[in-house]
Protein chains: 4
Amino acid sequence: MVQMGLVGLGKMGFNMRERLRAAGHEVVGYDRNAEVSDTTSLEDLVSKLAAPRIVWVMVPAGEPTRETVVAFSNLLGEGDILIDGGNSKFTDDKINAELLAAKGVGYLDVGVSGGVWGKENGYGLMVGGSAADVERAMPIFDALRPEGPREEGFSHAGSVGAGHYAKMVHNGIEYGLMQAFAEGFELLEASKAVDDVPAVIKGWQRGTVVRSWLLDLLVRALDEDPELDDLEGYVEDSGEGRWTLEEAINNAVPAPVISAALFARFASRQEHSAAMRAVAALRQQFGGHAVKKAGG
Amino acid sequence: MVQMGLVGLGKMGFNMRERLRAAGHEVVGYDRNAEVSDTTSLEDLVSKLAAPRIVWVMVPAGEPTRETVVAFSNLLGEGDILIDGGNSKFTDDKINAELLAAKGVGYLDVGVSGGVWGKENGYGLMVGGSAADVERAMPIFDALRPEGPREEGFSHAGSVGAGHYAKMVHNGIEYGLMQAFAEGFELLEASKAVDDVPAVIKGWQRGTVVRSWLLDLLVRALDEDPELDDLEGYVEDSGEGRWTLEEAINNAVPAPVISAALFARFASRQEHSAAMRAVAALRQQFGGHAVKKAGG
Amino acid sequence: MVQMGLVGLGKMGFNMRERLRAAGHEVVGYDRNAEVSDTTSLEDLVSKLAAPRIVWVMVPAGEPTRETVVAFSNLLGEGDILIDGGNSKFTDDKINAELLAAKGVGYLDVGVSGGVWGKENGYGLMVGGSAADVERAMPIFDALRPEGPREEGFSHAGSVGAGHYAKMVHNGIEYGLMQAFAEGFELLEASKAVDDVPAVIKGWQRGTVVRSWLLDLLVRALDEDPELDDLEGYVEDSGEGRWTLEEAINNAVPAPVISAALFARFASRQEHSAAMRAVAALRQQFGGHAVKKAGG
Amino acid sequence: MVQMGLVGLGKMGFNMRERLRAAGHEVVGYDRNAEVSDTTSLEDLVSKLAAPRIVWVMVPAGEPTRETVVAFSNLLGEGDILIDGGNSKFTDDKINAELLAAKGVGYLDVGVSGGVWGKENGYGLMVGGSAADVERAMPIFDALRPEGPREEGFSHAGSVGAGHYAKMVHNGIEYGLMQAFAEGFELLEASKAVDDVPAVIKGWQRGTVVRSWLLDLLVRALDEDPELDDLEGYVEDSGEGRWTLEEAINNAVPAPVISAALFARFASRQEHSAAMRAVAALRQQFGGHAVKKAGG
């Protein structure tokens, strides 16, 4: 059993604390929200951990994570390990690792997949960092990852940054998978070629080539709302899809499916995009085609 | 100078009659709209033409064209020629040609490009049919096509159907060109990286690689409405784009640009598509991600 | 236990006969290959079945299936049922059903998913036809479908054609899913950002959002060939992807992911495509850019 | 008439010197290739210009341009202007401008379009920088740009970086336009639906919606090589397409056409890509589909 700090007790961190404690680990959690926090400050959290410490940071990527790492660079010391389990961009990891290395603090970047279901099912983990640091944190990883062979829900992907890189690609794939199911759903809806779209999709859960967890979730969503019309077709994107596409560009890798999935999200958030106004304007110019006037 | 019938005096046919008459040809026009029609019926039109006759049909593709061809199959005879200048699907041409051939009537299918500007600039023409029939109709083609070398605004593309096929591919390309300009326009608008988007685009009209008639039309549209916000971004499609994509599929030709342009039009006409509601639902299922509730 | 005929004992039909027999059903199989056939002719097969008969046809889509249906229309009679379990286009089903209905023979179209694994795992089934015919064939479906709740591996999708339509969409989705994984794999390979690509992918099998049967199969392939370099990147397509895209066009459904996946297959079979020769030619024309001369 | 330095006398710079001199300007050219150079070094070039000087840099983007700018930051002084006319990334411009501003040297970034034809036709110019600097360099721009109204071949796009940004978007559009023509060409080739593909395309040059300079160049290429089979379908990309796509991502602008065009180039340079090997492997795994063995 290990002792550890856990910073960030939102949807993900809160559940992870539960799962870690259920596995018998001692978790000192900190969150700005005092109601869920076990401690009052990062300083206090550090003081409650015996050296060498392990602190898992689970806060939003970008500034919040960066600020937390900087804060810990002044609180942790030789032999401690900081783990960034957030959805950080892989390029942040080297910067964080170097800052901490200057204080003798080890660094691991961990891509964590599984969403709100991870508490029960375990989280898929992709880890970047040194073998020694990974080894020390393994009891934590073993508690968080799903049941079954370790190598099916955990990978030591490589050195610092490799964990978040693997998670980024995972999420890029995820964008493509979701869009593939979404296009199929829309075609079934639009064509009216089958009588009961949810029943057809539910019938794909066993035996078929498309069986998958995302399909199970789609079935679940359709059980609750058979035409999914309680929702708007407005879809955010959270970074990994963009970074995957940037990396595809950087590596000259064709990524038509992942880019299509990302652009579908961009377009879902637009109304009367400039591009389509331009196409409408061009058609009007050459063909005198009827167009819809704005506010008409 | 030739004598000819012209059926369908809408935006295209009306202008074509003007251009043909300006070239000295005798045009007997028919339209259901008596105000623009020169004659009261197809029968009457045929009676006004000396055999062997040439009749140009310029009505909407599909049923209207088909009905007109059937009607003429009972009115025209040996040695006459019927020309379908509409945006018919190339697969209709063989059917029409066979029906007419049984009566000794020749058939030409003509793809006509140029829109409302054709009256002044001339129309780009792509023709399918026999060399003999093309030869007989050449004075008409020469009147309709733009100034300059014949082969730069006219082609005898092949046998029956080839004219509409060439026009279909032309329009498929056109979809791609328009979308390319549209994406560039949107990026300039969104990035705010240049001070005056219309000025930048206007400055592309001479010397650049992208100079083109569509660019000229975009400049014209921006002159009238610098942010194109008088229009909705709602774009119809009229068949040729779909057929081009079907033919790409039939011939195993990758057509990522043409399909993307077509799908952008489909999407422009949707609000809260089933696909994007499905993606939103999936994100909510696995991540507890916030979604927009319909009507919320 | 039911008695049935099964025509076509290739990879799929052969395995299905095994699974049906293991479930206790009496299967009279016919194949042109006498070594695997239980009977010498379709006539003989019919003579071995007591009326009312059920015959399952499992031969290649298109002409072979059509010919088999026509043959049975002269062999089967009132009260018999013919099931097409092949990958037929949904538009064939109505034609087949009408031909058979004239003889009093019922018709079911069944989309069968699961490939060579179906013998052991069961097949996902999507069925089109009348409720009464489906009910009669249910013991067969129950034997073929996977263990577990019937509705998770079987659907009665609607009337004639709905089963193959559902299977078509299933396969369209499958194209998109495969391409999404493929793009992610290529990016991991190209970027060299992780140390052991197969280990990372294997680590996605549990807990992650992308866990799925296709991922399991990718892991299996990588176990055998860690860089997948025993294979050429040459990918056939077998119809359903094309039909899905056609139906997307017909229903004005944007399908950027499914089309991208299909086009990637088309492109995988090309070397020096006309399109890319055209782009190379254009670059040479305007920029004097160096190009690769064919055979150079 | 103005006096100016011009550094880089490759395909573009050499032609520009000709055009500038033909307009009566005094151009001191420098190139590492002594055969075309008017001077022996950047120092010598500067010494030959009377202050306040204007120096146009026309060397490859990236390191070569950067090094040249750094060198001039030590050679030029108060009131001089350096113009970067290369295909630099817009993000480089601010860095260059700041370095030079510290020495009192003005900076203009100019996107130059028109390729090898610019010498004769003039170059399309997009300029970023201060109004005062633009004004001073206007005689140069007027000499380089095409005949006709200035605003149709020149734009002052905005402050530093705006010129290269405008050029980047121009080139992104150009990628899309080229790919659209390329797809249409391939479909005409593959379908064999028209008798003479080059004749059809030549016939699009006048009157049609797709008439454009790129079309004219395609006609020119087809005149020389009617099936374009002297070329390999291997297409480089030179940065602007990638940057346009990155900017689309940064601004959440859907860019399906521009990305498709870029990815088609990436794919044109691959043989047996990892992605398509993965798809082949997956098909083999689930379906026992035949695959092509590498080296088979």
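The values are calculated or read from the model by the stated rules, or taken from the named source; none is laboratory data. Not measured: the values here are computed from a predicted model. Heads up, the Cβs are rebuilt from the backbone with ideal geometry, glycines too, and the neighbour counts pull from every protein chain shown. Just the protein is used for accessible areas: all its heavy atoms, side chains included, with ligands, DNA and RNA removed. Shrake-Rupley method; radii C 1.70, N 1.55, O 1.52, S 1.80 Å.
Picking from A:Asp223, A:Asp230, A:Asp196, which residue would you name as being at pLDDT below 95 and at negative phi? Step through it out loud before you land on a result.
Values: A:Asp223 fails: at pLDDT below 95; A:Asp196 fails: at pLDDT below 95.
So the residue among A:Asp223, A:Asp230, A:Asp196 that is at pLDDT below 95 and at negative phi is A:Asp230.
May I ask you to list the residues in the range A:114-138 that are acidic (Asp, Glu) and either open to solvent by less than 50 Å² (accessible area, probe 1.4 Å) or more than 14 Å from chain C (Cβ to nearest Cβ) (or both)?
Our first condition is that a residue be acidic (Asp, Glu); within the range A:114-138, this holds for A:120, A:133, A:135.
Within the range A:114-138, A:Asp133, A:Glu135 qualify.
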Checklist (1) more than 9 Å from chain A (Cβ to nearest Cβ); (2) not in a loop (DSSP other than H, G, I, E, B); (3) not charged (D, E, K, R) applied to C:Ala260, failing item: (1)
Tabulated pairs, the range A:34-47, first more than 15 Å from A:Val70 (Cβ to Cβ), second surrounded by 14 or more Cβ atoms within 10 Å (Cβ to Cβ) and of a type in the set (Lys, Arg), C-beta under 7 angstrom, 6+ apart or interchain: A:Thr39/A:Lys48
Test: residue in the range A:124-137 that is basic (Lys, Arg) and over 16 Å from A:Asp80 (Cβ atoms): no
Only listed residue being in contact with a strand residue (DSSP E or B) (Cβ under 6 Å, 6 or more places away or on another chain) and at pLDDT 95 or above, chosen from A:Ser273, A:Ser212: A:Ser212
The one condition in (1) surrounded by fewer than 22 Cβ atoms within 10 Å (Cβ to Cβ); (2) assigned to a strand (DSSP E or B) that D:Gly111 fails to fulfil: (1)
Options A:Ser113, A:Ser88, A:Ser130: the member that is more than 19 Å from the chain's Cα centre (by Cα) and either under 21 Å from C:Val200 (Cα atoms) or not charged (D, E, K, R) (or both): A:Ser130
Residue within the range D:202-224 that is in contact with a Pro (Cβ under 8 Å, 6 or more places away or on another chain) and hydroxyl-bearing (Ser, Thr, Tyr) present: no
Unmet criterion (only one of (1) facing chain C (nearest Cβ under 7 Å); (2) within 19 Å of the chain's Cα centre (by Cα)) for A:Asp195: (2)
Filter result (more than 22 Å from the chain's Cα centre (by Cα) and within 14 Å of C:Arg277 (Cα to Cα)) within the range D:199-240: D:Leu222, D:Glu224, D:Asp225, D:Pro226, D:Glu227, D:Leu228, D:Asp229, D:Asp230
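In the range C:241-254, which residues are more than 12 Å from chain D (Cβ to nearest Cβ) and either open to solvent by less than 10 Å² (accessible area, probe 1.4 Å) or more than 20 Å from the chain's Cα centre (by Cα) (or both)?
Just the residues of the range C:241-254 that are more than 12 Å from chain D (Cβ to nearest Cβ), to begin with: C:242-253.
The answer is C:Thr244, C:Leu245, C:Ala248, C:Ile249, C:Asn250, C:Asn251, C:Ala252, C:Val253.
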Tally, over the range A:39-71, of residues that are of a type in the set (D, E, K, R) and under 25 Å from the mean Cα position of the chain (by Cα): 3
Filter result (in contact with a Gly (Cβ under 6 Å, 6 or more places away or on another chain) and open to solvent by 40 Å² or more (accessible area, probe 1.4 Å)) within the range D:6-40: D:Lys11, D:Asp38
